[in-house]
Amino acid sequence: MIEPRLFLCGEAVVPADDPLRENCKVIELCTYTIPGKEANVNLRLEDLAKVFEKHLTSRLKDLLEIAAYIFSADCSTSRGRGWIDGNTTESWGRDFQFIIPVRDLDFWQNPEVQQLLSQILRFLSDDKYTLNFQRLTIDQPEQLYLEFDDKKEDWPFYGIDRVLMFSGGLDSLAGAIETATNTDKLVLVSHRSVTTMNKRLRNLVGKLRQTFTNVQLLHIPVWVNKDKNLGREATQRTRSFLFSALGAVVAESVQAGGVSFFENGIVSLNLPVADEVVRARASRTTHPYVLDLFSKLYSLVTEREFVVDNPYLFKTKAEVINTIASNNGSHLISQTCSCAHQMYKSKNQLHCGTCSQCIDRRIAIISAQQENNDPEIDYVSNVFSGERKDGYEKNMAVNYVRHAFELSRMSDEDIAIRFNRELSRAVRHFPKRSEIAQKLIEMHRRHGDFVKEVVEKKLHENITQLIEGSLEKSSMLSMVFGQQHQTSSWRVYAERVVKLLSNGIPISCKTKKPENEPHLQEICDGILRSQDDELIREFPFMRWSSSLTKPDWSFEDLQLWVELKYVRKRADIRRITEDIAADITKYGDNDRYVLYVVYDPSHLITNEAEFSAPIHQRETMMVYFLR
């Protein structure tokens, strides 16, 4: 089990003997200093017109603080690798409870509001959230987190269509440029958490103003961060809830029709590019499903129709960059940042070159023929030829290419079948679901074609070094040249497990065969533990129907489960076959990769193909026989 967290927000206090504290790590969060508590969550909106204070209702203040508390909890609680008793590292799924004082208690206790909050947070982060609200008694002055521009008594305009969420990346830049080209009023809201992002973002906004001199441009920077001693978690999956809440508050003040996130559809849907990118590892910040939930929540908050949308849902990254170029914005590309690790980068190089965002950016830049506007010196490591560390960096590069190549050669029907669950969830709130699904499929195929073309171009440019073996061995191009992209990383890891067991079991069982399956599991556990610390024994528990089940071993980073079967006598074959049939349903329904290892020392299974057929029908499962 994960060690739960109980977050006491603001003035919230829970007695030491309260059952809520039981088996929980208690953490205090506060956006302002009150007796007995120091502020450790920073929330500040800058460059505001003074009229904003009049528009900031009690409910909107609550929304800002709720979002800030949730974001702070999210990015202060490490997901770790695999938490078990006696180990301080925790697994990806987390269990959060909050006690949050609010001004409009009746609204936040509304079951519809609470259900929307729960759905949003669960979908974004794959964590469990329990939100308990109580009435606020010690209010803070708004001036503590509102910074007004003395020159602005009122907004210069009202009633625009959308407030734009402006991250300073390529996609939001394209949205700002396209909007500025078609209208004369533009409102940008930016969230910043570290100072390294600030200078480049301000430069980018300044250059936007210089480029579109006929456009009235408002830029509202928002700072939300926490004290360093609260801990650090890089995934920050609830960031878009915070970001959208900030946008909604500003949109209400300027009487906008809603909020727009501009993000290419490949990232928005985020089909599993790599086996590591599942559950909370897969960013869902602008997924159509969560944007629909945002629209419903903020319509309740504002008591009017409020739309949160993504106008670039059907664009690839390369097509987004083409939008920038076709609207005379190419010179602004160098001012943008796409890196997932930007908070840890230097002021001079804001792209690591190894994360999926950097890979996506650089390939799209080349596809759109904008290399001159994206200098390589801004990347710490060359995306194509740079060194990559074992694990995530290598796997991400290989699996990114594999995924794109597969999309390029798959038919529309193949994509629809392979990603049926993801596509169904993405289109569920659209009126013409089949039409939308087809547009999403076509976009993914275009993306695959763009990536394939660029990778092949880079392979051709570096073919001499690749043949001579002088190119960095861990680079993307060397791995692709060596055909490593043809195999999924979970399969590579599973084959490593099989190799360890096939080498170890014959030696361990040479003089005496295991007495039963638990005995065999103990032997195998010793073999695996001596070579690998990633596998966890009999973890995690999974609920299926009315019962709990667990695998023999798991590697949660790859969502891989390992099941060991022992054939001692011929009668065992039927039982094992029935067990595997049940497992296929249970594990398949829970999006797990499964390796079945069948130890059959007496060769009692005479037809391996027939035995394996049900397993091989699932692309997410494999079986090996050991003798």
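Of the accessible area of segment 553-593, computed with a 1.4 Å probe over protein heavy atoms only, carbon and sulfur atoms account for 46 percent. Based on alpha carbons, the Rg and Dmax found for segment 310-469 are 17.0, 56 Å. Below 18 Å, Cα to Cα, which aspartates and glutamates can LYS61 reach? Residues fewer than 8 away in the same chain don't count. Result set, ordered by chain and number: GLU11, GLU46, ASP47, GLU53, ASP104, ASP106, ASP139, GLU142, GLU147, GLU252, GLU303. Packing, taken as the mean count of other beta carbons within 10 Å per residue, orders the peptides 159-172, 21-34 from highest to lowest as 159-172, 21-34.
Entry note, the chain: the mean residue ellipticity at 222 nm calculated from DSSP H runs of n ≥ 4, each adding -39500 (n - 2.57), is -13000 deg cm²/dmol after division by the residues and rounding to the nearest 500.
What is the percent carbon and sulfur in the accessible area of segment 10-83, measuring with a 1.4 Å probe over the protein chains and ignoring ligands? Write out the running numbers ahead of the final one.
Working: 1400 of 2900 Å².
Carbon with sulfur: 48 percent of the solvent-accessible area.
At full extension, ASN348 and LYS439 could sit 28.9 nm farther apart than now, given 0.36 nm per residue minus the alpha carbon distance. Computed over all pairs of different Cα atoms, the Kirkwood value for the hydrodynamic radius of segment 422-497 is 15.5 Å.
Treating each Cα of segment 1-70 as an identical point scatterer and summing with the Debye formula, the log10 of I(q)/I(0) at q = 0.13, 0.14, 0.23, 0.24 Å⁻¹ comes to -0.50, -0.57, -1.10, -1.15. Remark on VAL26: its backbone amide H falls under 5 Å from those of LEU6, a criterion applied only to residues 5 or more positions apart or on other chains, H modelled at 1.01 Å from N. Backbone geometry of segment 379-386 corresponds, through the Karplus equation with coefficients 6.51, -1.76 and 1.60 at θ = phi - 60°, to 3J(HN,Hα) couplings of 9, 4, 10, 5, 4, 8, 10, x Hz, x marking Gly and Pro. Charged neighbours of MET476, selected by a Cβ distance under 12 Å, balance to +3 (K, R count +1; D, E count -1).
Of all lysines in the structure, those lying under 17 Å Cα to Cα from LYS152, and not within fewer than 8 positions of it along the same chain, are LYS50, LYS54, LYS185.
Looking at the chain alone, DSSP beta bridges between its own residues are antiparallel in about 20 percent of cases. Looking at the chain, the accessible area is 43 square angstrom per residue; that uses a 1.4 Å probe and ignores ligands, DNA and RNA. Once R0 is set to 41 Å, what does the formula 1/(1 + (r/R0)^6) return for the Cβ-Cβ distance between ARG209 and ARG304, expressed as a FRET efficiency to the nearest 0.05? After rounding, the FRET efficiency stands at 0.85. For LYS499, list the lysines whose Cα falls under 29 Å from its own Cα; do not include residues on the same chain fewer than 8 positions away. Hits, sequence-local ones excluded: LYS389, LYS394, LYS473, LYS510, LYS512, LYS513, LYS550, LYS565, LYS569, LYS586. Our compactness index for segment 338-431, the C-alpha radius of gyration over the empirical 2.2 N^0.38 Å, is 1.32.
For the chain, taking Cα atoms only, Rg and Dmax work out to 26.5, 88 Å respectively.
Give a quick list of GluC sites (Glu not before Pro) in segment 572-627 that DSSP marks as loop, anything other than H, G, I, E or B, with at most 13 other Cβ atoms within 10 Å. Kindly include the intermediate steps, with their values, before the conclusion.
Numbers: sites: GLU578, GLU608, GLU610, GLU619; in loops: GLU619.
Here the sparse-neighbourhood loop sites are GLU619.
The values are calculated or read from the model by the stated rules, or taken from the named source; none is laboratory data. Keep in mind it's a predicted model, so treat the numbers as computed, not measured. Note that each Cβ is placed from the backbone with ideal geometry, even for glycine, and that neighbours are counted across all protein chains shown. Accessible surface areas use protein heavy atoms only, side chains included; no ligands, DNA or RNA. Shrake-Rupley method; radii C 1.70, N 1.55, O 1.52, S 1.80 Å.
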